[in-house]
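Notes for the one structure printed next.
Rule-based calculations on the coordinates, nothing more; no lab input. Because the structure is predicted, anything quoted here is derived from the model rather than measured. Neighbour counts are summed over all protein chains in view; Cβ atoms, including those assigned to glycine, are modelled from backbone coordinates with ideal geometry.
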Amino acid sequence: MRRKRKVMGFPSPARDYQQERLDWNKLITNHPLSTFYFRCNSDAMIEAAIVRGAILAVDRSVSPRNGDIVVASVEGKFTVRYLQRNEYKSKLIAANKKYADIIMNSDVTVFGVVVSVVMQMR
């Protein structure tokens with residue numbers, strides 16, 4: 001029976017450059033169980049750097065605040081807009097001047113807050 005010989009030597013210099021694998025959930029959101037992903041199919045938020053085809057991470061556990069970018073249900077369809085609130089009214093505002101503001105009423109509900117945006121380059 002042959003014994004294996006231990007090979008001793010210097011550690012690899014590449015060892016210093018090893019990194020742990022990136023965890024999508026840690027990078028994109030703090031609440032993975034309450035986060036949903038949407039693909040943007042509009043140019044309504046183009047001036048907020050949200051382009052058509054971008055993937056939006058939307059966290060339902062985050063309370064929406066004035067100025068947040070939110071996904072809202074408007075008459076049963078999802079839309080992405082800035083949330084603007086004051087003591088008189090709330091509205092959803094696009095980051096593209098060709099889209100009108102949406103006054104919030106009983107047909108409009110905020111689904112969640114956009115916490116991250118991922119864009120594919122190719």
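Descriptive notes on the structure:
- Which numbered condition VAL62 fails, given (1) touching a Ser or Thr at 6+ places or on another chain (Cβ under 7 Å); (2) of a type outside the set (Gly, Ala, Ser); (3) assigned to a loop (DSSP other than H, G, I, E, B): (1)
- Taken over region 20-29, the criterion of being surrounded by 12 or more Cβ atoms within 10 Å (Cβ to Cβ) and touching a residue at least 60 places away in the same chain (Cβ under 8 Å) is satisfied by ILE28, THR29.
- Top-ranked residue in region 58-78 [being polar (S, T, N, Q) and closer than 16 Å to SER116 by Cα; ranked as surrounded by the fewest Cβ atoms within 10 Å (Cβ to Cβ)]: SER63
- Within region 81-99, tally of residues that are surrounded by fewer than 10 Cβ atoms within 10 Å (Cβ to Cβ) and more than 23 Å from the chain's Cα centre (by Cα): 4
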